[in-house]
Structure formats: structure tokens, C-alpha cells
Amino acid sequence: MFSAGEHIIYSIFGVCLVEKIAASPVDPSSEQLYYYLRPVSAKTNNFICIPKDNPSLPMRTLITEKELENLVPEIRKDRYLTVASEKNRRDVYKTAIMSLDPLQYLRLIFTVESRRENFFKSKKRLPETDIEFERTAKNSLYHEIELVRNIPFEQVNDFVHTLFAQPEE
């Protein structure tokens, strides 16, 4: 499915480098092969070891430049996640993250940014749920865009807000 040296998206870890495909680190005699993944945002040399032949693992290839551009009309049409009630917010955010869908990541980011503005205006603190899920979405999507567009990570936020700017009415 994936090859050594390839970057992929894996679950909440975001962009990971497939370092190698090899036997289990626990049981080298096992026939089962494993992906050895290194999250690009990790500050350590730790890796994630997951079974190669498990179709239920939340993994995908990186988005292409064309797919990224195709998100522009989608995000302009429907910019925010719909949250029926505050008690459901965590579930809505979690579903968006676990979808591994860049469009859902963008919607989560824009939803939290809008909420941040509203909370700031009313002199309230943004809930930790928003902050933690926004961080996860940005970590994954922004590192992905960094690799796909070959731009420094520090410039990705400006790139995203320029590319997905709301059209003037």
C-alpha cells in the first residue's frame, strides 16, 4: 500500500514518514510486516510501528496540489462545521479529525478561528477543546501542505488564509 520513504497521513499523528517496512520489533520471527512511521512533527526519535495489512487503520496518501486547489470552492461554499449543541462539539471535532479529510480539517480550523474571534469580543477564554482540536488539525494539514507545496511551515497559515479567503461580497 505504502512504500518506504513515502510521507503519509496517519490518524491523529498527522504526516508521518514511512521509514521502513519490516518484521515486528517485538517478535522478529513473525511473518507479519509492519510500517515503521516517524511523525514529522515529533520532537523525539520515537517511531510508530503498525501492522501493514490492516485495512481499518486510519491512513491515506498526501493530498496533491490539484486536490488542494479543488478544496477552494468547497470551503468557500461551506466554511464551518455544524455543531448542533455545545455538548456535541467534542464529538463533531473528533469525527472531523478521524475522517483524515483535508476539507474537514479546514472547516474545523475556520470554525475555531471564528469562535476565537467571538470569544475574544465577549472577553471570554476559548475552551480547551477548541484549542486542542485546532492544534491537531493544523499539525496534520499544515505539515501536509508544507510538503506538497514545498513552503516553510511558518508560512503555511498565511498561505491557507490567502488560498481559502472568502470572496468579497
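Data for the structure
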item	result
Residues satisfying the stated conditions in the range 91-106, i.e. over 19 Å from residue 77 (Cβ atoms) and either surrounded by fewer than 18 Cβ atoms within 10 Å (Cβ to Cβ) or in contact with a strand residue (DSSP E or B) (Cβ under 8 Å, 6 or more places away or on another chain) (or both)	91, 94, 95, 98, 100
Qualifying positions in the range 117-169 - within 16 Å of residue 102 (Cα to Cα), in contact with a helix residue (DSSP H, G or I) (Cβ under 8 Å, 6 or more places away or on another chain), surrounded by fewer than 18 Cβ atoms within 10 Å (Cβ to Cβ) and without any contact (Cβ under 8 Å) to a residue 24 or more places away in the chain	157, 159
Enumeration of residues in the range 2-38 that are of a type in the set (A, V, I, L, M) and touching a strand residue (DSSP E or B) at 6+ places or on another chain (Cβ under 6 Å)	4, 8, 9, 15, 17, 18, 21, 33, 37
Helices (runs of 4 or more DSSP H) (entirely within the range 45-163) containing at least 2 residues that are of a type in the set (A, V, I, L, M) and under 30 Å from residue 32 (Cα atoms)	89-98
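Conditions tested, residue by residue: (1) in the same structural domain as residue 111 (by TED's automatic domain parsing); (2) modelled with pLDDT under 95; (3) loosely packed, with under 12 Cβ neighbours inside 10 Å; (4) under 16 Å from the mean Cα position of the chain (by Cα).
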| site | (1), (2), (3), (4) |
| --- | --- |
| 16 | no, no, no, yes |
| 24 | no, yes, no, no |
| 27 | no, yes, yes, no |
| 31 | no, yes, yes, no |
| 37 | no, no, no, yes |
| 71 | yes, no, no, yes |
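The values are calculated or read from the model by the stated rules, or taken from the named source; none is laboratory data. Keep in mind it's a predicted model, so treat the numbers as computed, not measured. Glycine gets a Cβ as well: all are built from the backbone with ideal geometry, and neighbour counts include every protein chain shown.
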